[in-house]
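Down below is the structure, laid out as structure tokens.
The values are calculated or read from the model by the stated rules, or taken from the named source; none is laboratory data. These figures come from a predicted structure and were not determined experimentally. Positions of Cβ are generated from backbone atoms using ideal geometry, with glycine treated the same way; all protein chains shown enter the neighbour counts. Keep in mind that these areas ignore ligands, DNA and RNA; they rest on the heavy atoms of the full protein, side chains included. Shrake-Rupley method; radii C 1.70, N 1.55, O 1.52, S 1.80 Å.
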Amino acid sequence: MTKVVAVTGNEAVANAFRQIEPDVCAAYPITPQTELMQRFASFVSNGQVKTELILVESEHSALSACVGAAAAGGRVATATSSQGLALMWEILFIAAGFRLPIVMPVVNRALSAPINIHCDHSDAMGARDSGWIQLWSENAQEAYDNTIQAFRIAEDMDIRLPVMVCYDGFIISHSIERIEYLDDETVKSFVGDYKPLFPLLDVDNPKSFGPLILTDLYHEVRKAHSETYKKVPQVVLRVAEEFEKISGRKYGFFEAYRLEDAEIGIVILNSAAGTTKDVIDEYRQRGVKVGLLKPRLFRPFPYEEIGNALKHLKALCVLDRADAFGGSYGPLYLDIAASLCNYSQKPLLINRIYGLGGRDYMPEQAAKVIEELMEIAKTGKVGSLKEYIGVRE
Amino acid sequence: MIGWKDIPPGMVILEAGSAMKIKTGSWRAAYRPKWIEENCIHCLLCWLYCPDNSVKVKDGKRGEFDYDYCKGCGICAVECPGKKGNKAIVMEEEVK
Amino acid sequence: MATPLNLKELSKQEIRFTAGHRLCAGCAAPTVVKMILLAACDYPVVAASSTGCLEVSSCISTYTAWKIPWIHNAFENAAATLSGVETMYRALKKQGKIDRDIKFIAICGDGGTYDIGFQSLSGAMERGHDMLYVCYDNGAYMNTGIQRSGATPTFADTTTCPAGAVIPGKPQQRKDLTRIMAAHGIPYVAQASPSHWPDLMKKVRKAIETPGAKFINIFTPCNRGWRSRTDDAILLSRLAVETCFWPLYEVENGVTRVTVKPKEKKPIVEFLKAQGRFKHIFEPGREQMIEAIQQAIDKNWERLLKEEEISASGEKAE
Ligand SMILES: Cc1ncc(C[n+]2csc(CCOP(=O)(O)OP(=O)(O)O)c2C)c(N)n1
Ligand code: SF4
Ligand code: SF4
Ligand code: SF4
Ligand SMILES: [Mg+2]
């Protein structure tokens, strides 16, 4: 049984938390995440959930407490944005290295300096190699659905890894959308009872977490860790399949939109994919064969599947909502380029940086990119590889 | 040393007290403690203060040193009250 | 019934920190850990440590000296980490999934406590988690090679405040962390020394029997960093108490009590001269430095006695 509601992204994710009832959550305020944990705190205060909240004094402690709580042997979640995620950076690697299934919505926001509270993806991109699984979400529905699936993915006994659920600050976190909630019982039985692995609180079988590992063993530990990520894609698909059964909504590694017969394409994450799809529809009506790929599983990156889905194109633009300063390309571009590099037939690539610090991404920008791609496809010539769009001269 | 396939998830150590496999007695350089039983009042201070659990105690009575682990620091000898001013522990030259 | 705190009885208990650890010969840290765990012998304990000598030497490769559940997360977050463990314990207990009565103890170095971990500690104490945080204070960042910390005593020679021709060791005074923790208004705060083991164990036991957040600061000689003998850890900690460099006291529900008063207060020189890190202040022409240290100690001791007196009269008035 489902229920259609009009809610914000934060409200939807808070509701997913309410339905899942983690044993312990840590929370520290930061815009635009704040409202999510505030809403969840009221569920705690009103006795609607069994969760124990830890209202820490920083995000560094939020994640540190989550590591302790998860190692102790129960279901754990927190949430953050921007500076908060940056402050957690050190512990992100430890949570992953300990293989702790912590779930953390990241409400994407730009990084300082200058300080800015609005959306871009530099926060989560900065954490992309920390070992957390990353699921990206176009809208409130996807944020809600991804949050529910995140617990199942994280807690899968084959992988036991932390998961970030990324969705755009304000654009999604604070805008009201029509979404479909699953009922509480369905979510609870989908997520299931928590099964601990090596719980610290099992005092009769004492374990030590966090040994010093030196040159004689570190390389092996990291190799073992790296191998774990190979198992993630199957788990993500398995969970998505089961989720489809309870929701009717289909999820995979990415969404391919009018891509199969396309000649030119755009790769873009999160909310801006919606606008882009509308513009693609307009061009399709005019007979332009353009399509889109919107990654969902960004970490681990499904190189093979994404490369396969894009290799037939003539020209491709990767739109990044984060820059890589110091001369390199945007983070999404780099992975897309890597996924295509070994094919003999592959599209010409360009990288465009858009929407930093919440700058609106308008249909005209998408249209301009499509026009440029049409030109590249026709001439076989690339003007500039990397460029900001929607920027004042 | 184990290969990567045998690394436990999260590198969690499942065998409590496995450090006992490391025989730190090999660290002893110049001196080793010697117990002089007749001077011992079985106060057990040496047992308590030893940083390396190298004084054996049975039924509340002091036993021999555990040279497998004793690092030869000499704390036990300094703290031993002994009997009538005669220490029950002395440090003597290490014989290897 | 609680195990009596005498050595005959305690020696029948399992020592839950084994030999085979790699702390230096004569390091006081393992002895301090042993005393803490013996005092808590009637309970299952879950412990956490911050990065530092104790952590790297007790759990390395596939070898752990801990016979209790133990977690090392990072350098500055043992308090937050353990607060997470303790919260999960409460959550699962409430749900009926755990019925054991478990105690939670953090054991961390002064760097991980006074300095980089101070925020995490302060936060955990303010939130009132049911845990005991113990600082083993060896007065510097020993693990990384004896750099100064907020706990390093005035004029001590460390690798980052080396005694030079112009700057004679650490110019600043120590941070009085125990008082800062008392100012948090938590139910139990104390200072202890392994030389006075019955006092130390009583304090640990009192702390774990008291619900809420507790803090104990334990004097923990490091012969390598202090350039002292490998056999004098207990002797030096006794001198620290007898010179009133390290007063033994507790603050229980706001009431200060000095638990050990030296029969006669020894001059600080006796403590200083046994340590190479103070060697430079015994050079001719630097007498005023020793005098300054003595004055600071006298002043602090007087203040503590006064605080105890005010505390006691306040109690009577209630
Ligand atoms: C964030 C961070 N900064 C610095 C370090 C390096 N580091 C590791 S242990 C340590 C000093 C530990 O000092 P203390 O807490 O006093 O413990 P001790 O080694 O003296 O017992 C330092 C500086 C680190 N591991 N992490
Ligand atoms: S300290 Fe000395 S007297 Fe006491 S038990 Fe040990 S050996 Fe015997
Ligand atoms: S010499 Fe040191 S390590 Fe050896 S028994 Fe005595 S106190 Fe223990
Ligand atoms: S350096 Fe000091 S604190 Fe570290 S193990 Fe050696 S004696 Fe102990
Ligand atoms: Mg230290």
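For residue A:136, the stated conditions hold: it is away from every other protein chain (no Cβ under 14 Å) and either within 14 Å of the chain's Cα centre (by Cα) or not basic (Lys, Arg) (or both). Name the pairs whose Cβ atoms lie under 9 Å apart, with the first residue in the stretch C:231-245 and within 14 Å of chain B (Cβ to nearest Cβ) and among the β-branched types (Val, Ile, Thr), the second open to solvent by less than 20 Å² (accessible area, probe 1.4 Å) and in a helix (DSSP H, G or I), and 6 or more positions between them or separate chains? Pairs found: C:234/B:49; C:234/B:75; C:234/C:31; C:234/C:194; C:234/C:195.
Just the residues that are near ligand 2 (Cβ under 10 Å from one of its atoms) and of a type in the set (Gly, Ala, Ser), please, taken from the stretch B:73-93. Listed by number, the residues that qualify are B:77, B:82, B:88. Can you tell me which of B:20, B:1 is in contact with a Leu (Cβ under 8 Å, 6 or more places away or on another chain) and open to solvent by 50 Å² or more (accessible area, probe 1.4 Å)? Only one candidate qualifies: B:1. Pairs under 9 Å by beta carbon, first residue closer than 19 Å to residue C:40 by Cβ and touching a residue at least 60 places away in the same chain (Cβ under 8 Å) in the stretch C:122-144, partner within 16 Å of ligand 3 (Cβ to nearest atom) and part of a helix (DSSP H, G or I), six or more apart or different chains? Once the first residue is closer than 19 Å to residue C:40 by Cβ and touching a residue at least 60 places away in the same chain (Cβ under 8 Å) and sits in the stretch C:122-144, its partners that are within 16 Å of ligand 3 (Cβ to nearest atom) and part of a helix (DSSP H, G or I) give C:134/C:32; C:134/C:33; C:136/C:29; C:136/C:32; C:136/C:33.
Say we look at the stretch A:283-293 and pick out the residues that are in contact (Cβ under 8 Å) with a residue 60 or more places away in the chain and surrounded by fewer than 22 Cβ atoms within 10 Å (Cβ to Cβ); which of these is nearest to the chain's Cα centre (by Cα)?
Here the answer is A:283.
Residues are listed down the side, and each one gets a yes or a no for (1) more than 16 Å from ligand 3 (Cβ to nearest atom); (2) open to solvent by less than 40 Å² (accessible area, probe 1.4 Å); (3) farther than 27 Å from residue C:299 by Cα:
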| residue | (1), (2), (3) |
| --- | --- |
| C:137 | yes, yes, no |
| C:140 | yes, yes, no |
| C:146 | yes, yes, yes |
| C:149 | yes, yes, no |
| C:158 | yes, yes, no |
| C:162 | yes, no, no |
| C:165 | yes, no, yes |
| C:170 | yes, yes, no |
| C:173 | yes, no, no |
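If we scan the stretch C:16-25, do we find a residue that is within 24 Å of residue C:153 (Cβ to Cβ) and away from ligand 5 (no atom under 14 Å from the Cβ)? Yes; the residues of the stretch C:16-25 include at least one that is within 24 Å of residue C:153 (Cβ to Cβ) and away from ligand 5 (no atom under 14 Å from the Cβ).
Got a sec? Which of C:234, C:218 is within 16 Å of ligand 1 (Cβ to nearest atom) and at negative phi?
Just one listed residue meets the conditions, C:218.
Restricting attention to the stretch C:100-121, does a residue exist that is within 25 Å of residue A:21 (Cβ to Cβ), more than 16 Å from ligand 2 (Cβ to nearest atom) and within 7 Å of chain A (Cβ to nearest Cβ)? Scanning the stretch C:100-121 turns up at least one residue that is within 25 Å of residue A:21 (Cβ to Cβ), more than 16 Å from ligand 2 (Cβ to nearest atom) and within 7 Å of chain A (Cβ to nearest Cβ). Residue A:130 passes every criterion in (1) assigned to a loop (DSSP other than H, G, I, E, B); (2) within 19 Å of residue A:5 (Cβ to Cβ); (3) among the small types (Gly, Ala, Ser) apart from (2).
Please specify each residue of the stretch C:141-150 satisfying the condition of being near ligand 1 (Cβ under 7 Å from one of its atoms) and more than 14 Å from every other protein chain (Cβ to nearest Cβ).
Hits for the stretch C:141-150 are C:141, C:142, C:147, C:149.
Scan the stretch A:43-54 and give yes if some residue there is under 22 Å from the mean Cα position of the chain (by Cα), at the interface with another protein chain (Cβ under 8 Å from one of its Cβ atoms) and open to solvent by 10 Å² or more (accessible area, probe 1.4 Å), otherwise no. No: the stretch A:43-54 contains no residue that is under 22 Å from the mean Cα position of the chain (by Cα), at the interface with another protein chain (Cβ under 8 Å from one of its Cβ atoms) and open to solvent by 10 Å² or more (accessible area, probe 1.4 Å). Note on the stretch C:42-70: among residues that are open to solvent by 20 Å² or more (accessible area, probe 1.4 Å) and more than 7 Å from chain B (Cβ to nearest Cβ), the one that is farthest from residue C:83 (Cα to Cα) is C:60. From the list C:78, C:74, the lone residue that is open to solvent by less than 10 Å² (accessible area, probe 1.4 Å), small (Gly, Ala, Ser) and within 8 Å of chain A (Cβ to nearest Cβ) is C:74.
Restricted to the stretch A:166-181, and to residues there that are of a type in the set (A, V, I, L, M) and more than 18 Å from the chain's Cα centre (by Cα), the residue that is most open to solvent (accessible area, probe 1.4 Å) is A:176.
Against the list (1) among the basic types (Lys, Arg); (2) open to solvent by less than 50 Å² (accessible area, probe 1.4 Å); (3) away from ligand 4 (no atom under 16 Å from the Cβ), the condition residue B:58 fails is (2). Of all residues in the stretch B:72-92, none that is open to solvent by 60 Å² or more (accessible area, probe 1.4 Å) and within 16 Å of ligand 4 (Cβ to nearest atom) has its Cβ atom under 8 Å from the Cβ atom of a residue that is hydroxyl-bearing (Ser, Thr, Tyr) and not in a strand (DSSP E or B), 6 or more apart or on another chain. Within the stretch A:69-93, residues that are facing chain C (nearest Cβ under 9 Å) and more than 17 Å from residue A:156 (Cα to Cα) have Cβ atoms under 6 Å from residues that are part of a helix (DSSP H, G or I) and of a type in the set (S, T, N, Q) in these pairs: A:69/C:87; A:91/A:64, counting only partners at least 6 apart in sequence or on another chain.
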